[in-house]
Amino acid sequence: MSGDIILKAENITRRFGGLVANSEVNVEVKRGEILGLLGPNGAGKSTLFNIIAGAFPPSEGRIIFEGQDITRLSAPKRCRLGIGRTFQVPKSFDTMTVIENVIVGGFVRHAGASAARRAALETLEFAALSGRADTPAGELTPPEKRRLEVARALATGPKLLLLDEVFAGLTPSEARLGSDLVKRVRDQGVTVVMVEHVMEIVMPLVDRAVVLDLGRVLSVGTPAEVVADPKVITAYLGERHRAA
Amino acid sequence: MSAEALIQVIASGLLMGLVYALIAVGLSLIFGLMDVVNFAHGEFLMVAMYATFGLWLATAIDPILLAPLVTALMFVLGALAYMGVVRHAMRAKANIGMVQIFATFGLAILIQGVAQYLFTPDYRSITGSWLGGQTLQIGGIYLPWPQIYGGLISVAVFGGLYLLMSRTDFGRALEATREDQGAVALVGIDRNRVFALGWGLGAALVGLAGAVLAIFYYIHPQVGGTFALIAYVTVALGGFGSVFGALVAGVIVGLVEALTAVIAPPALKSVGVYALYLAVVFVRPSGLFGRL
Amino acid sequence: MTTDAVLPSSVLAGQSAFVWKRRSQLLIAAAVFLGVAVLPHVIKDVYLQNVMVLTLMFAAVSQSWNILGGYCGQISLGHALYFGVGAYTTSVLFVTYGINPWIGMVAGGVLSALLALGLGWPCFRLKGHYFSIATIVIAETGLLLAHNWDFVGGATGIQWPFNPDSWWTLQFARDKVPYIYFGLGLFIVTWLATYVIEESRWGYWWRAVKDNPEAAQSLGVTVFESKMAAAAISAFFTAIAGAFYAAFVSYIDPESVMAFRFSLLFALPAVLGGIGTLWGPAVGAAILIPVTEITRSYAGGSGSGLDLIIYGALIMLIALLKPEGILSLFRRSPKRESAE
């Protein structure tokens, strides 16, 4: 795992009217790692996530991707540079089949539809969705929809994949499959940043974790370090998902 | 143009605009409630006009007194239209927007055909009503009493709507269903019942407008189309789902239309309204008061 | 991802199944086109041939409308504008300047495409009903302007001078068959355009924009450009059909080419047949147009309104019973997932 920084969030501040969702947040993502973006409800994880993804701009601060300032770039342009993302509530293209969903993303890397289709078939294999290739996306089960979200984003050939709470509501066995998928994604050379609530899944999976609370960075480090950090324990005190 | 003539134009435009607002608010209400645009709205207006005409013909009772009855009849028609047609349209798995456009559009054509079958395409009018042909003269300004009546009714209705929405259980149920269709079921509000009543209310409102218009407007099977486009533009201008928006937009549309007719050939009077609509939504894509 | 070098057999199987499906679509299309081409020699009745011309033309226009409305999800209810621009461009160029209608046709198409781009720029920031209503008022404005513009004949319209029968000027006094073939040709062109686009970047991007613009953007789709491309292509072909219509009827005025009912007639076949599908508009047109024409001739002449009743009831029935369109009768019904 190389140590260079693929993405930097520099002094990100984001206000929504009177509410400060992110305050002077600094995060560095190392190439090839799986980074967890954690924190209790209202910590500002989703806001930061969306700023990195290009859904809306920060009020202050910059996002640097591979040395390039992308703060003002639109989501499609970020995608073409190599940032892919999933949505917390899967936004599948319901009138299209599973494979067609994936092909949409493929045009970032392939000029023609047949090349995109071939790549999509491979991606579906990778995400264990081959059997559902011709199913309309609206008919998938929730865990399948999650995998489709990931497969679709992967089709764009990202260097950095942003996962938005992909583990929420999964059964333990589904979560294990999901975990395995994330690891295989990283093994392909893709850096992963995941926003997550489900501690039991995330802690064994990530290489490092950034914990946010009330819009600020609370703690950064390996899972073991973060779990032992008294600030983190205090932030989660009273929450059901106690860092164990 | 003299100041008097200008005031005349503005007053006429204002009164007509209030009627446009009345026509539009039913449409806006239905949309705000359930995201459905009723493409048969103009035909509801036409039915109300014919109903008023037919009842007047049969009973010789003045249209003003017939208005409550026509309104009630239209309420029933609206509720039936929901139960019979729209409820099924909303079962579509995809393209719901388009299904309801074309389902209600088919209904519109059907109603037109029925009207033509029953009444022939001939133009009808109500002659000999109390207000018909009477004008109020203030200085050099002549305001036709039917239009004044229409404006007053419209203002009264909007006042009543405000009270209905904010003070009654039904109004609150309407508002709640607008906010979150799924959640209301959890608190025991029957969604279908609210929708049917909503459609009834929407139809009743445009029905009242029809009862008003019948006094001074020619009645024929295509009259709905004339007002329908103005109604849609008014609703969109004010913002779909906004009752207040329908009122404001209606008045603006009436004024713009009247003023355009002065500076441009009368045949082009609608172009001013269209240009206004495009200008507004260019800056505010959901109309003046709509939520996106 | 794995390289192209070694693909699992399931992937290869998926590829070849798809190629076969595409090829069979072409074969079916060829068979249908051939069948239609033979029809005029079997059906000699001039009235029915007239209906054929109109059916083919509306099928072609609806197919074009489908590109913007069915695939890209932008419901235009003002396509009569482009139809009229095509009709008027050709007519004015031919009647006033003697320019050949085929050239006029292309000119009308290009003009409409440019118009669509110009209008798209402000309009595509609008969503849903706001967009549809904008298209209606723009078309109505066009209609009113045509009424009041003497250069294009105002309310009187434009009459094509009587010329001897010729493909060069696209005029045939009594023979309908050449028009049938032109209509068929136009439909084939629009069908092929849809067929090619379906399996192209635009085809996928448009459907993504229709289903979920936000997700589309996260996958690299430039939403605005996609809508513009769809609008331009759709307007181009619609205008060509309008030019054809002008040659066919030899006389146009604002009401006969730009009225709102045309905008609806362009959209209805696609909606009823199956929006966003390859054959939906054709199937819809094949049912709707003959029904419209025949009910109007037999039931509507007296102003009884029966034609409207039948027409309206038909639209309602199809919209309610088969909201996905008639073609969905031939597709497998979705399985019910226990998880949902």
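The values are calculated or read from the model by the stated rules, or taken from the named source; none is laboratory data. Here the structure is a predicted model, which is why all the values come from computation and not from measurement. All Cβ positions, glycine included, derive from the backbone under ideal geometry; neighbour counts span all protein chains shown.
Points to keep in mind about this one:
- Taking the listed residues B:ILE101, B:ILE111, the one that is within 8 Å of chain C (Cβ to nearest Cβ), closer than 15 Å to C:VAL271 by Cβ and not hydroxyl-bearing (Ser, Thr, Tyr) is B:ILE101, with no other qualifying.
- Elements of type strands (runs of 3 or more DSSP E) in the stretch A:1-86, at least 2 residues being in contact with a Lys or Arg (Cβ under 8 Å, 6 or more places away or on another chain): A:5-16, A:19-30, A:34-38, A:60-65
- For the stretch B:145-241, the helices (runs of 4 or more DSSP H) that sit wholly inside it and include 2 or more residues that are within 17 Å of the chain's Cα centre (by Cα) and modelled with pLDDT of 90 or more are B:145-167, B:191-213, B:223-238.
- Screening the candidates B:ILE126, B:ILE109, B:ILE61 for the property of being hydrophobic (A, V, I, L, M, F, W, C), free of Cβ contacts under 8 Å to residues at least 12 places away in the same chain and not in a helix (DSSP H, G or I) yields one hit, B:ILE61.
- Test: residue in the stretch C:30-43 that is part of a loop (DSSP other than H, G, I, E, B), at pLDDT below 95 and within 14 Å of another protein chain (Cβ to nearest Cβ): no
- Residues that are within 15 Å of B:VAL37 (Cα to Cα), aliphatic (A, V, I, L, M) and either within 12 Å of chain C (Cβ to nearest Cβ) or without any contact (Cβ under 8 Å) to a residue 24 or more places away in the chain (or both) within the stretch B:217-254 comprise B:ALA228, B:LEU229, B:ILE230, B:ALA231, B:VAL233, B:VAL235, B:ALA236, B:LEU237, listed in sequence order.
- Residue count for the stretch C:249-284, restricted to those that are more than 11 Å from every other protein chain (Cβ to nearest Cβ), more than 18 Å from C:THR190 (Cβ to Cβ) and in a loop (DSSP other than H, G, I, E, B): 2
- Only one of C:ALA87, C:ALA116, C:ALA139 that is under 18 Å from the mean Cα position of the chain (by Cα), within 13 Å of another protein chain (Cβ to nearest Cβ) and assigned to a helix (DSSP H, G or I): C:ALA139
- Screening A:LEU73 with (1) surrounded by fewer than 20 Cβ atoms within 10 Å (Cβ to Cβ); (2) closer than 16 Å to C:ALA216 by Cβ; (3) not acidic (Asp, Glu) gives one miss only, at (2).
- Criterion applied to A:GLY36, A:GLY82, A:GLY61 was being in contact with a Phe, Trp or Tyr (Cβ under 9 Å, 6 or more places away or on another chain) and of a type outside the set (Ser, Thr, Tyr), and the one residue passing it is A:GLY82.
- Any hit, the stretch C:111-123, residues being touching a residue at least 24 places away in the same chain (Cβ under 8 Å), surrounded by 19 or more Cβ atoms within 10 Å (Cβ to Cβ) and either within 20 Å of B:VAL37 (Cα to Cα) or touching a Leu at 6+ places or on another chain (Cβ under 7 Å) (or both): no
- Evaluation of A:GLU66 against the conditions (1) charged (D, E, K, R); (2) out of contact with any Ser or Thr (no Cβ under 8 Å at 6 or more places or on another chain); (3) free of Cβ contacts under 8 Å to residues at least 40 places away in the same chain shows that the sole unmet condition is (3).
- Test for B:ILE215: is it closer than 24 Å to B:ALA72 by Cα and touching a strand residue (DSSP E or B) at 6+ places or on another chain (Cβ under 6 Å): no
- Inside the stretch B:1-41, residues that are hydroxyl-bearing (Ser, Thr, Tyr) and buried (at least 24 other Cβ atoms within 10 Å of the Cβ) make up a count of 2.
- Exclusive hit being over 29 Å from C:GLY73 (Cβ atoms), aliphatic (A, V, I, L, M) and buried (at least 21 other Cβ atoms within 10 Å of the Cβ), set C:ILE133, C:ILE103, C:ILE180: C:ILE180
- Subset of the stretch C:266-280 (residues that are within 15 Å of C:GLU198 (Cα to Cα), crowded, with 24+ Cβ neighbours inside 10 Å and modelled with pLDDT of 90 or more): C:GLY280
- Picking from residues in the stretch A:94-136 that are of a type in the set (Val, Ile, Thr) and over 19 Å from A:GLY84 (Cα atoms), the one that is nearest to the other protein chains (Cβ to nearest Cβ) is A:THR95.
- Residue identified as within 14 Å of chain C (Cβ to nearest Cβ), modelled with pLDDT under 95 and buried (at least 22 other Cβ atoms within 10 Å of the Cβ) among A:GLY44, A:GLY54, A:GLY39: A:GLY54
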